[in-house]
């Protein structure tokens, strides 16, 4: 029985409910009247239920599908404008005791180069990232109780925040590590992390257990209930995600929205972000072994329906995806992308470690951060390196209330302009700097609040004169 407020995984992710909904959606995929009603409801920007969203995902009417895509673009623009937040992953260690069959970190893999960064090596990685212009990191590590204990993660976070190199600083560390205890989540919160991110991989319990045959991660309930423990530990910004291609996408799509509804129902705060990775090749992982891989068209439709179903959440896409795939989903809902990413341990400070490949997955978009910033500018987007909400305490329900009311734009647009200006002054190539300055001038003139506009223009001038780290 589906119980969204229940703390038990098999009750807030109900297998029977999902199967019933998938059948309902299949039976209504050509029901124009119902689909039009749902599209009309979605225009109110209050979101859709998992049942309603499943019908839109299944829609087989080309003209209505196009309306879904158009609505997703409009909602993306309303909540996030043309801002795209930039980040990079930082891999600390690929030692892992789990047996996940889709990840080259699995314990039985004897071909991958195993490595764990020392604090001095982390310092070098962070300096390399700062020299690229990054301000926001997603910290990654395999699960290993002795080599990657929580103490190592906490020490690494302290190291990252302590490094001030030239004009560089990492202002927000998001953390993507294995499910842990309430007490450890409390310690992560005290260490000053931004968002706690954990991918469910798949919500299908039987498939989950077959994909995770050994190790702590094999415990479906403990993993699925991790976000509840994170919330109980005081982390009010959490990020969900599934790895599309491991299981049938329709099932995991519904499970993902159920999980978002559960967090809203139990804690009053939905997911801060939703990530949409797809299975991709890496070391001893062959995607041909996963018959549920999805097409680009299906991927785009998933992104669009998530955007209109959970309009308040940030959506993240990584360099797993190609340049063209990323371009397509940016307008449909994605609000955060990585740039200049390395998915190997030590990959930023050391240009070539081909003799000891430690990458978690193959990168499709291999462009530098500067190239991606320039590409975004050419597409009319505003690259943002903002971390202000986290540092101003606008998290959890406070952040969500501002997003849902549309008031967050009063902070986001000026902060995006100021952090882009920092990037242009400190790191950009000449051509990118010219493009960025032109966009900043254009965007600054469109700030509706006269007082905020005046302050923003003044601070942009001060950044040009050498001052840094202004924020609303």
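Some observations on this one:
- Segment 89-119, subset touching a helix residue (DSSP H, G or I) at 6+ places or on another chain (Cβ under 7 Å) and crowded, with 23+ Cβ neighbours inside 10 Å, residue farthest from residue 148 (Cα to Cα): 100
- For segment 428-454, the set of residues classified as in a helix (DSSP H, G or I), loosely packed, with under 14 Cβ neighbours inside 10 Å and either in contact with a strand residue (DSSP E or B) (Cβ under 9 Å, 6 or more places away or on another chain) or in contact (Cβ under 8 Å) with a residue 12 or more places away in the chain (or both) consists of 431 only.
- Residue in segment 295-307 that is more than 21 Å from residue 375 (Cβ to Cβ) and without any contact (Cβ under 8 Å) to a residue 40 or more places away in the chain present: yes
- Unmet criterion (only one of (1) within 15 Å of residue 308 (Cβ to Cβ); (2) in contact (Cβ under 8 Å) with a residue 60 or more places away in the chain) for residue 7: (1)
- Apart from one condition, residue 48 fits all of (1) crowded, with 19+ Cβ neighbours inside 10 Å; (2) in contact with a helix residue (DSSP H, G or I) (Cβ under 8 Å, 6 or more places away or on another chain); (3) within 30 Å of residue 417 (Cβ to Cβ); the exception is (3).
- Segment 378-406 residues that are over 20 Å from residue 136 (Cβ atoms), paired with ones that are assigned to a helix (DSSP H, G or I) (beta carbon under 8 Å, 6 or more apart): 378/435; 379/327; 379/330; 406/78; 406/79
- Residue that is under 19 Å from residue 332 (Cβ atoms), over 23 Å from the mean Cα position of the chain (by Cα) and surrounded by 15 or more Cβ atoms within 10 Å (Cβ to Cβ), where the choices are 21, 35, 75: 35
- Hey, residue 137 in contact with a helix residue (DSSP H, G or I) (Cβ under 9 Å, 6 or more places away or on another chain), free of Cβ contacts under 8 Å to residues at least 60 places away in the same chain and assigned to a strand (DSSP E or B) or not: yes
- The residues of segment 212-246 that are modelled with pLDDT under 95 and either assigned to a helix (DSSP H, G or I) or surrounded by fewer than 22 Cβ atoms within 10 Å (Cβ to Cβ) (or both), listed by number, are 236, 245.
- Some residue of segment 196-209 being in a loop (DSSP other than H, G, I, E, B), under 23 Å from the mean Cα position of the chain (by Cα) and surrounded by fewer than 20 Cβ atoms within 10 Å (Cβ to Cβ): yes
- Scoring residue 114 on the criteria (1) in contact with a strand residue (DSSP E or B) (Cβ under 8 Å, 6 or more places away or on another chain); (2) at pLDDT below 95; (3) over 30 Å from residue 301 (Cβ atoms) leaves a single failure, condition (1).
- Flag for residue 180 being touching a residue at least 24 places away in the same chain (Cβ under 8 Å), over 21 Å from residue 469 (Cα atoms), outside any helix (DSSP H, G or I) and out of contact with any helix residue (DSSP H, G or I) (no Cβ under 8 Å at 6 or more places or on another chain): no
- Among the residues making up segment 274-296, those that are assigned to a loop (DSSP other than H, G, I, E, B), modelled with pLDDT of 70 or more and exposed (fewer than 14 other Cβ atoms within 10 Å of the Cβ) are 291, 295.
- Within segment 31-51, the set of residues being in contact (Cβ under 8 Å) with a residue 24 or more places away in the chain and part of a helix (DSSP H, G or I) comprises 32, 35, 36, 39, 42, 50, 51.
- Residue in segment 82-102 that is nearest to residue 174 (Cα to Cα), counting only those that are assigned to a loop (DSSP other than H, G, I, E, B) and in contact with a strand residue (DSSP E or B) (Cβ under 7 Å, 6 or more places away or on another chain): 95
- Considering 457, 402, the condition of being more than 22 Å from residue 239 (Cβ to Cβ) and surrounded by fewer than 21 Cβ atoms within 10 Å (Cβ to Cβ) is satisfied by 457 alone.
- Pairs, first without any contact (Cβ under 8 Å) to a residue 60 or more places away in the chain and on the phi > 0 side of the Ramachandran plot in segment 11-30, second surrounded by 13 or more Cβ atoms within 10 Å (Cβ to Cβ) and part of a loop (DSSP other than H, G, I, E, B), C-beta under 8 Å, six or more apart: none
- Residue match in segment 413-427 (condition: assigned to a loop (DSSP other than H, G, I, E, B) and surrounded by fewer than 17 Cβ atoms within 10 Å (Cβ to Cβ)): no
The values are calculated or read from the model by the stated rules, or taken from the named source; none is laboratory data. Everything numeric here is computed off the predicted structure, so don't read it as measured data. Methodologically, a virtual Cβ is constructed for each residue, glycine included, from the backbone with ideal geometry; neighbour enumeration extends over all protein chains shown.
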